[in-house]
Amino acid sequence: MTRRTIIGIIFIVAALLRLADMWGVLQLNWNHSWTEYFGPVLLLYIGVELVIYSFKKNPSQWLQRPVPQGEEGKRICCAVRFGADEYVYRGETFHGARLDALCGGLRLDLREAVISEEEEIDIHTFLGGVELYVPASVNVVVKSHSFIGGVGNEVANHNIPGAPTIHITASNFLGGVSVKN
């Protein structure tokens, strides 16, 4: 874990402690008014940005894992907590996935996957991020339900007639998803 990641996690913990005190979950005896919500939100934003930047700029932090094997025709489940995992398809058939990132990063590379029909990817992030690489030969449809987060769809071709479609449903809480070719 890099120094930037550790500092980001410290910022996130400090902001969550501050919010817990403001909401009465913990009694830390910190005085507060409505204007002090800006501080925890700023700390959370900086912390999440530091953690995500750290994993993007230091690819050696990504732990390359073998592609999980779902039952025949079934979707896979990938989850990461406080770390970074990378899954790369190299000619395997893709049947959909559920991706969960909690205070960490997850990268799924489908550029060499075999995708012959419509597939669905459910993504859930909490203080984390997901990078999804899709083949240029598929259509991508994104639906996002985000709170202080979002989805960046940077796919080059959005509407290819007759091509299979990947439906992405993302639920983000202080996290983000990036979809690329």
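The values are calculated or read from the model by the stated rules, or taken from the named source; none is laboratory data. Because the structure is a prediction, the values reported are computed rather than measured. With ideal geometry, Cβ positions are generated from the backbone for all residues, glycine too; neighbour counts draw on all protein chains shown.
Applying a threshold of 8 Å to beta carbon distances and a minimum spacing of six or more residues, or different chains, the list of pairs starting in region 18-47 at a residue that is more than 25 Å from GLY176 (Cβ to Cβ) and ending at one that is modelled with pLDDT of 70 or more and outside any helix (DSSP H, G or I) reads ASP21/GLN27; ASP21/LEU28. Among the residues of region 115-135, which ones are part of a strand (DSSP E or B), surrounded by fewer than 24 Cβ atoms within 10 Å (Cβ to Cβ) and either out of contact with any strand residue (DSSP E or B) (no Cβ under 7 Å at 6 or more places or on another chain) or hydroxyl-bearing (Ser, Thr, Tyr) (or both)? Listed by number, the list holds a single entry, TYR133.
Tell me which residues, restricted to region 71-114, are outside any strand (DSSP E or B) and closer than 23 Å to ASN139 by Cα. Within region 71-114, GLY73, LYS74, ARG75, PHE94, HIS95, GLY96 qualify.
Per the conditions (1) assigned to a strand (DSSP E or B); (2) on the phi > 0 side of the Ramachandran plot, the sole criterion not satisfied by GLY162 is (1). Residues in region 1-44 that are among the polar types (S, T, N, Q) and either modelled with pLDDT of 70 or more or assigned to a helix (DSSP H, G or I) (or both): THR5, GLN27, THR35.
Residue pairs whose Cβ atoms lie under 8 Å apart, separated by 6 or more positions or on different chains, with the first residue in region 137-155 and touching a residue at least 60 places away in the same chain (Cβ under 8 Å) and among the β-branched types (Val, Ile, Thr) and the second part of a strand (DSSP E or B) and surrounded by fewer than 18 Cβ atoms within 10 Å (Cβ to Cβ), are ILE148/PHE173.
Filter region 137-154 down to residues that are of a type in the set (Val, Ile, Thr) and modelled with pLDDT of 85 or more and give me whichever is surrounded by the fewest Cβ atoms within 10 Å (Cβ to Cβ). Filtering first and then ranking leaves VAL141.
In region 163-177, the residues that are aromatic (Phe, Trp, Tyr) reach residues that are surrounded by 16 or more Cβ atoms within 10 Å (Cβ to Cβ) and in a loop (DSSP other than H, G, I, E, B) with C-beta atoms within less than 8 angstrom, at least six apart or across chains, in these pairs: PHE173/LEU127; PHE173/GLY149.
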